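Q: First the structure, then my questions, so here it is.
No lab work stands behind these numbers, since they all come straight from the coordinates. Worth saying up front: this structure is predicted, and the values here are computed from it rather than measured. Cβ: placed from backbone, ideal geometry, glycine included. Neighbour counts: every protein chain shown.
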């Protein structure tokens with residue numbers, strides 16, 4: 001019996017697939033560009049210049065050095081968040097300059113852009129004091145030579161809060177910053193939750209003290225009778241290091257000197273102290289000044305660690321103090337918001353070896369070679 005087969009395929013009814021309907025995209029208008037309010041601009045800039053309490057201390061101490069001070073005293077409360085007070089015996093601030101003292105870009109350090117090519121002062125932009133008034137409460141007390149009394153005035157957002165008031169004052173200027181970052185909640189919380197800034201401030205003052213040996217420095221916590229940094233004017237760099245960092249550091253240091261080979265047209269001079277093989281420390285201490293400006297150089301720091309790694313016991317780090325003098329016109333100090341870095345552009349001959357200093361590379365190589373030779377001889 002034959003079974004008839006269906007000649008036609010069986011059609012199975014399928015559910016219709018829903019095809020998504022694409023609605024035309026809503027064309028958005030480009031956001032409108034507008035000018036920020038001046039107070040917003042200034043507060044943003046202030047957060048970049050004054051990054052933490054130690055930044056404010058550095059700016060104020062450099063201002064005191066620019067004022068030809070022979071004594072600089074720093075008092076700090078709650079890591080600098082509650083109080084930073086810097087007092088000096090410098091030349092003071094003129095009464096007629098007080099109204100614009102804390103306005104942005106007001107300065108006595110330069111008048112034209114070309115002045116930057118030979119700038120000797122630590123400060124020059126006229127931003128630091130203004131920035132402090134946008135993130136803290138600033139009070140200035142000052143007296144100049146020949147005045148019978150001083151003046152005290154408070155500032156907020158770059159402006160005087162009142163007319164300068166006559167007051168008793170000692171020679172120089174005292175600047176007090178209270179409630180730093182009171183209006184920057186996130187920054188203040190971050191700093192309160194992080195390690196206290198006071199050790200950073202002590203380290204900063206220690207570095208200034210061993211370089212500026214013609215100035216006495218002190219730094220203490222508010223309410224403390226004893227200073228954590230106390231240096232006196234001295235003619236000996238080694239004595240300054242001994243006073244600040246202790247006998248255990250000073251006794252294990254070697255002197256280092258280098259310069260170009262043409263004294264008649266000297267464009268490079270470096271002096272300093274570096275530790276010998278007896279020095280033991282778990283952390284590298286590197287103090288670098290270029291034309292009396294405290295700066296940082298990560299590449300040089302790493303290179304020095306490599307040089308010492310072959311000679312020091314494992315896990316031990318060196319102590320290095322270096323002061324380099326170069327022509328002012330070849331050092332660009334205007335490359336970093338906090339001025340902690342500089343760029344060097346210079347073509348010179350070192351020990352009959354011609355090299356081009358661009359972006360610090362040539363100088364870096366030369367400094368490392370000098371340190372390497374001293375380390376090898378000293379060990």
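Q: How big is the gap, in Å, between the Cα center of segment 21-99 and the Cα center of segment 126-154?
A: A separation of 15 Å, based on Cα centres.
Q: Here's a follow-up. Along the Cα→Cβ direction, 7 angstrom out, place labels at residue 236 and residue 34. What is the inter-label distance in nm?
A: Going by the 7 Å Cα→Cβ label model, 6.6 nm.
Q: If you average the alpha carbon positions of segment 291-325 and of segment 193-226, how far apart do those two centres end up, in angstrom?
A: 21 Å
Q: What is the gain in length, in nm to one decimal, between residue 103 and residue 183 on full extension, counting 0.36 nm per residue of separation less the C-alpha to C-alpha distance?
A: 26.9 nm
Q: Within 10 Å of each residue's Cβ, count the other Cβ atoms and sort 68, 102 from fewest upward.
A: Ordered by Cβ neighbours within 10 Å, fewest first: 68, 102.
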